Every structure is written in C-alpha cells, then in structure tokens.
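Remarks on the structure that follows.
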Amino acid sequence: LNAVKDIDEDILKISKTAQPSTTELTRYKLWLEQKYRSPYTGEIIPLTKLFTANYEIEHIIPQSRYFDDSLSNKVICEGAVNKLKDNQLGLEFIKNNKGRIIETGFGKSVRIFNEAEYTDFVNQHYAKNRSKQRKLMLEEIPDKMIERQLNDTRYISKYISSILSNIVRADNNDDGINSKNVIPGNGKITNELKNDWGLNDVWNDLILPRFERMNALTNSNTFTTYNEKYQKYIPTVPIEFSKGFQKKRIDHRHHAMDALVIACATRDHVNLLNNKHAKSDVRFDLNRKLRVFEKVSYKDANTGKKVEKEVPKAFVKPWPTFTVETKNVLNEIIVSFKQNLRVINKATNYYESYKDENGNLMLDKEGRPTKAKIKQHKGEHWAIRKPLHQETVAGLIKLKKTKTVSFNSCLNQVEFIVNKDLRKYLQHLVSSGLDNKKIITHVKGLGFKINEIDCAKVEVYYWDVDEQGLGVNAASRSLLDVTFNEKRIAESIADTAIQKILLAHINNYVGRKDEKGKLIPAELLAFSPEGIEEMNKNIISLNKGKFHQPIYKVSTYEARGNKFSVGFKGNKSSKYVIAAKGTNIFFAIYEDVKGKRYYETIPFNLAIERQKQGLSSVPQYNAENFRLLMVLSPNDLVYVSADKETIDLNELTSTQKQRIYKIVSFTGNRLYAVPFVTAKSIVDKLEFTQLNKMEFDLNKVSIKEHCIKLNVDRLGNLKKG
C-alpha cells in the first residue's frame, strides 16, 4: 500500500481491520485496478467469488523466468486460465491461445481474448499504470532485466570473496583484494570434474539400493535400467515421476561430495575451464598438465593420408585411488543435523536515549548531544521462541446427546427421557407418590409396555461433560466449504437446526453425474460458491418454512483431546487452542524395572512452564513413576538395534550404519523417522509410506522400541546420547 500514491478509500478501510490477510488485500486491490474483469478473457470477476479457489493471483512475467513479486507484475484471473498460461508471458499466451475456449468447472467456460481485444483491454485499463501496461505487452523478457540479475550476482560474489579472503590469507605477502586461497568457481566446473573423476558413477552406486527397493514396492523394474557401457544397473525414475526430480537432491551426502570436488579443484582447473575456448600457450600447457591424452587417427580430407593426433580425454584424478576412496568414505559417512531446541530464554529490551544508564547526558566528539541504545534493566522478560498455538481458538461446549439405558436406570432421570409420552406417564406416577420399586412392579405387570411403547430399554438425554462438569468437546467457527460431506455435517456441527438445513440441501445434489457418467460427490456441488448461494436463496424452504439467517460459517466441534486453555485468568481459561505444527520437540521414553518402554510426547506449553520454573523440559518420572530412559527431538539420530545386540560406536560396520535413522516427528505415543541419509523421497507418499516417514525401519523393526539415542558432533563422530 505504501508504494501507491492514490489509495482507494475502500482499501484503506479494510486495511485497518484485523480480519483480511495480506493476500486478500492484494486480491482486492488488483480486482479494483482491473475494473473487476479478467485481463485475459474480459470476463467479470464477481466479488463473492474473488476470494475463492476459482480465481488466482497470476504473475504476468512468470517467476520461473524472472523473479518479480511486485504488484506491477500481478493480476487476478481465472484459476483454469492461470494453469494454462503456465510460464508464458501475457502477450505470448494470448498469441498462442487466441479465441480458445477454457472450461472453468461447473459447466462454465471462458474465451481467451484475441490480440486486438487484449491490446484494447490493456490500453484502456492500465493507461495510468505504465509499468504494468508495459509488462502485459511484453513479447520477450528484456535483456536489461537479465543483465541486472547478473550484475547483482557479480557484486555478491566479489563481496563474499573479499570477506572470505580476510579469513584465509596465505601469508604476509598475500595482500591482494582476494586471497590466493579463495578460488572462485561455478557449477559447470564442478560438474565436469565430477564426471571426469568418476563421482557420478559413485553416486549412482550409493543411491541404487533405494531404487531397487522402489522396484520391490511397486512390483516393477521401472526404477532401474541396465547400462551396457558399464555392464551394471543404474537408478532411474519413470517418466510420470520425472518432473522436478533431481537424483542428486534425494541424499544428504551430496554436500560432502560437492565439498570434496571443490577441495580438490585448483586454480589451474578453473583457469583452463573458464578459458577453454581461448587459443593460447597457457591453455595448451594447462591441458598437458591436468588432462589425460589419447591418440586418435583419422584420414586427412586434403591429402587422404592417415593422421594420428593426441587429444585431451579427461581430467587426471587428484590421486590414483581417488574414486574408490571417495565411494568408501561417502558410504561410511554419518550426517549430522543442527538442532534448534530453544523454547524460552530471557530477553532484554533496548531503547534509544540521549542519556546513559546513569542519567548523564551523552555527547559526541564535538560536544553535541547524541543518541545511543540503552539496555533496559527493569523489564527483563521471557521470550518464547516458537508459536504457542494455532491461530484458531475454540470454546468448550456442553452437547446434549442421547443414550439407551435400562428401565430401572431411567427412573432416576425421568425428566431426561426422550419419548414425551413415556416421560409424562412416568412423571405422573412419581407425582402420585409411587416409589421406584412400585413403578417397576407396575410396569413389569404391563410387560414393560406403556401405551404400546416398549420400555425395557429407554432412550435418555445426557450432557457430554467430564468429571468437573466441563464440556469434553471444543467448538470453533469454520467456513462452509466442500469438505462438509454428510458424515462431517452429522458428526461435527453443533447446531442441530443448521445441521438439518445442510443435510436437506446436500440431499438435493445426491446422484448427479458428470459428462462421462461418473457420480459427482454431492458436497462438491452443494457447497461450492454457487451451491452455497443457491442454499441461502432457498433457506426458508429448507428450514420447513421457518426464517433463518444465511449460512456462510458454521460452529464445528471435536473432542477436546490435546487442546489446552490459553490461560488461567478471566475468560482465557475458557478458550482452548491446539499446539502449532512443529512445536512437538520432546518425545520421552520411560522404562519400568523389567525394561518395558512407555512413550509420551511432552506438550509445548508444559515444556515452557517447566523451563520457567527452572526445571528440565521433560519430567524424570512419568505418572506411573517409571524412570526416564531418553528424550528424543526432531533431527536426533538413533540406532535401531537388533535384540541383545552390543555395538561399538567407534567401529560400526557399513551394515550397522544403515540402521541409523533421523527422528522426523512424533505425536502422542507414536514416533516417526527416516534413514539418516534421506533428504527427499524418490516418489512422494510412496517410498516411506503415505506420511513420508516410518514407525518401523526397513527391516520391519519398531523404531521406538529398539532405538538407542546417538550424539553426533559436527564431524560425524558418534557417542551414545
């Protein structure tokens, strides 16, 4: 908003409220700027649908081609159009798709502008915004944009080189801008050296077992292919999984391999590769020094004679056994992960003042008053280093539910009997002075039938509360959307009147089919923006002739479970929240005298409370008084041992190192991990279960039941935790 001189009054009004997000404000501003129309189709964008998934913020110059996240590079358009445009420029997209009809869903379609219509629209709507007008009419990205990025990169490289040079000066004579020990290079150089030194083949061998396991999981052979040149199998991925896949990025050890190549690359390597197309004696000498040459023979076209010539084949390895040793070292390496377990710490405020801590005026060299930052001694406070809870706040509710009890039991709660006739009859007997025994005898004589109502088992109301009388469910407001199917409506909406309206509405869409004759889930139609609009038009008939306010949000409830109160004073005690994602940082494993393990995730709020009191985050004994065996956190390494196995951490075999796992997360008494070398799954939600993490190791052994915590220093040295 600060970048715009003339800000619409409506935007200023909305920006002062707490409700809209930054993205929503951006959508609204772009919508006003476009005069409510899509720039690629000219179709009106209804305000009621502006903030739905039907419309998206679109980058005129795609971010994949040039990073520009400013408002002048954004427009609002149909989601389907945005997906079709992909990484094309605005005008380029129009030229490639002019007049094309695009389906936007729910039987609606839009037509892409032709060039004349598009040009007219841009000139008409963006005459006052020349920057956006110019971007919308670009046919190719100007060289100046790319040149600016290159200049930025050059400046950053020079600046970093000068900083590093101060750290690694070779000797007193090394007084240049860049130290002799700082050698600038690039990815192309390291890639060529890796290939010539045989490290690409080493990498294929290291990651091959994971691809062979994928073959077994998918009951196929599509994740490996036989290489005739090397007479062995190498990793590959099927074409349907190849988009965005990088073989190097799936294993953390690629950092070590890159570091090794960089360490072995010399200034001569860089000079030769950076000047390999230049004809000079220096290049010839470097080639002879660094490369292996081989003789080739060919027939001279002019003389017809056979000619032999030596040509450079590959770079000489740093030492003869380099490739073999690299493979052995990478196979044995232990990857360490930095921990960030800060929960709370003391924080001190600073303020600017002309007076120092003792109240004396501070002066500069010329005797003029000057400001400085002063430490505020009074006011030290606790700073919490992670989010306390999710943004959604829920309130406890007491739900009135029904259950079936015996006739004897219902006499103690007659006023809660569901059947009105039965309730009135029994209330009459009680008011007549009959005690429970006489009523039972009387009803027994009637064969447990009262006015043809079978009362051997009676349905009664009850309040769903805990021992303290507090509701066991917590409710919060949710936007009505397509996630509300019949089951969710029946099981999670607190207001029974709204529940009936929604069920009646969704029933109108049951059984509808798409163009191919496939059944469409009723909730996708009933609670789409159009479906909700239709429901609120007919809400009185859906509510059996009674008036009801339009429904856009509903109160949903779920079991209080792991929710905790925001505070203890005032109304904070009745507000409940759930821990934010990523704040489960302590998993306690307790052990009884027989060696049986018990597991518990320590809630973040409990860890904060204990640290404030100067205690350890995890209690030394659990509720059953079992002793704490170990505490695990995300990024910790554990060794999953076989039964009664003794291990020497300084002499782990290659097979044993494959049983080291990295803790990923935990919830309740469930612990999840992945092999420590794994940076990314080969196939999402397939290689390591639907969650991309495992409770059991690759040998089907429970990780939490057989794990030994490891401590790893930055060099990968192990010791028990």
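The values are calculated or read from the model by the stated rules, or taken from the named source; none is laboratory data. The shown structure was predicted, so the numbers you read here are calculated from the model rather than taken from an experiment. FYI the Cβ positions are ideal-geometry reconstructions off the backbone, even for glycines, and counts take in every protein chain you see. These area figures cover heavy atoms from the full protein model, side chains too; ligands, DNA and RNA do not enter into them. Shrake-Rupley method; radii C 1.70, N 1.55, O 1.52, S 1.80 Å.
Remark: pairs (first residue in the range 45-69, within 30 Å of Leu525 (Cα to Cα) and polar (S, T, N, Q); second residue open to solvent by less than 40 Å² (accessible area, probe 1.4 Å) and assigned to a strand (DSSP E or B); Cβ separation under 9 Å; 6+ apart in sequence or on different chains) = Asn54/Glu78; Asn54/Gly105. I want to confirm something. Restricting to the range 50-67 and keeping residues that are open to solvent by 30 Å² or more (accessible area, probe 1.4 Å) and outside any strand (DSSP E or B), which single residue is farthest from Glu103 (Cα to Cα)? Only one residue fits best here, namely Phe67.
Filtered by the rule that a residue be surrounded by 15 or more Cβ atoms within 10 Å (Cβ to Cβ) and assigned to a loop (DSSP other than H, G, I, E, B), the range 631-665 gives Ser633, Pro634, Asn635, Asp636, Ser641, Ile647, Leu652, Gln658, Arg659. For the range 609-630, filtering for residues that are crowded, with 18+ Cβ neighbours inside 10 Å and either within 25 Å of the chain's Cα centre (by Cα) or in a strand (DSSP E or B) (or both) leaves 1.
For (1) open to solvent by less than 60 Å² (accessible area, probe 1.4 Å); (2) out of contact with any helix residue (DSSP H, G or I) (no Cβ under 8 Å at 6 or more places or on another chain); (3) farther than 24 Å from Thr321 by Cα, each residue gets a yes or a no:
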position: Pro184; (1), (2), (3): no, no, yes
position: Arg210; (1), (2), (3): yes, no, yes
position: Thr218; (1), (2), (3): yes, yes, yes
position: Pro238; (1), (2), (3): yes, yes, yes
position: Phe284; (1), (2), (3): no, yes, yes
position: Arg288; (1), (2), (3): no, yes, no
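A single member of Lys371, Lys327, Lys375 is open to solvent by 100 Å² or more (accessible area, probe 1.4 Å), on the phi < 0 side of the Ramachandran plot and out of contact with any Cys (no Cβ under 6 Å at 6 or more places or on another chain), and it is Lys371. Just one of the numbered conditions (1) under 30 Å from Thr104 (Cβ atoms); (2) surrounded by 14 or more Cβ atoms within 10 Å (Cβ to Cβ); (3) among the polar types (S, T, N, Q); (4) out of contact with any helix residue (DSSP H, G or I) (no Cβ under 8 Å at 6 or more places or on another chain) is not true of Asn473: (1).
Annotation: of all residues in the range 701-716 being open to solvent by 50 Å² or more (accessible area, probe 1.4 Å) and modelled with pLDDT under 90, the one that is nearest to Tyr639 (Cα to Cα) is Asn711.
Look at (1) touching a residue at least 12 places away in the same chain (Cβ under 8 Å); (2) outside any strand (DSSP E or B); (3) over 23 Å from Glu515 (Cα atoms) and you find that Ile76 fails only one, number (2). Being free of Cβ contacts under 8 Å to residues at least 24 places away in the same chain and out of contact with any helix residue (DSSP H, G or I) (no Cβ under 7 Å at 6 or more places or on another chain) is a property that holds for Lys365.
Kindly evaluate Lys85 against the criterion of being within 26 Å of Glu24 (Cβ to Cβ), touching a Cys at 6+ places or on another chain (Cβ under 9 Å) and open to solvent by less than 30 Å² (accessible area, probe 1.4 Å). So Lys85 passes the test. Hey, any hits in the range 408-425 for a residue that's exposed (fewer than 10 other Cβ atoms within 10 Å of the Cβ) and either farther than 25 Å from Gln499 by Cβ or in contact (Cβ under 8 Å) with a residue 40 or more places away in the chain (or both)? Within the range 408-425 (the criterion being exposed (fewer than 10 other Cβ atoms within 10 Å of the Cβ) and either farther than 25 Å from Gln499 by Cβ or in contact (Cβ under 8 Å) with a residue 40 or more places away in the chain (or both)), the answer is no, since none of the residues qualifies. Residues in the range 491-523 that are among the hydrophobic types (A, V, I, L, M, F, W, C) and free of Cβ contacts under 8 Å to residues at least 60 places away in the same chain: Ala497, Ile498, Ile501, Leu502, Leu503, Ala504, Ile506, Val510, Leu519, Ile520, Ala522. The number of residues in the range 363-411 being of a type outside the set (Lys, Arg), within 26 Å of Asn345 (Cβ to Cβ), assigned to a strand (DSSP E or B) and more than 36 Å from the chain's Cα centre (by Cα) comes to 2. Residues that are closer than 30 Å to Thr404 by Cα and of a type outside the set (D, E, K, R) number at least 3 in the following helices (runs of 4 or more DSSP H) confined to the range 430-535: 436-445, 486-492, 496-507.
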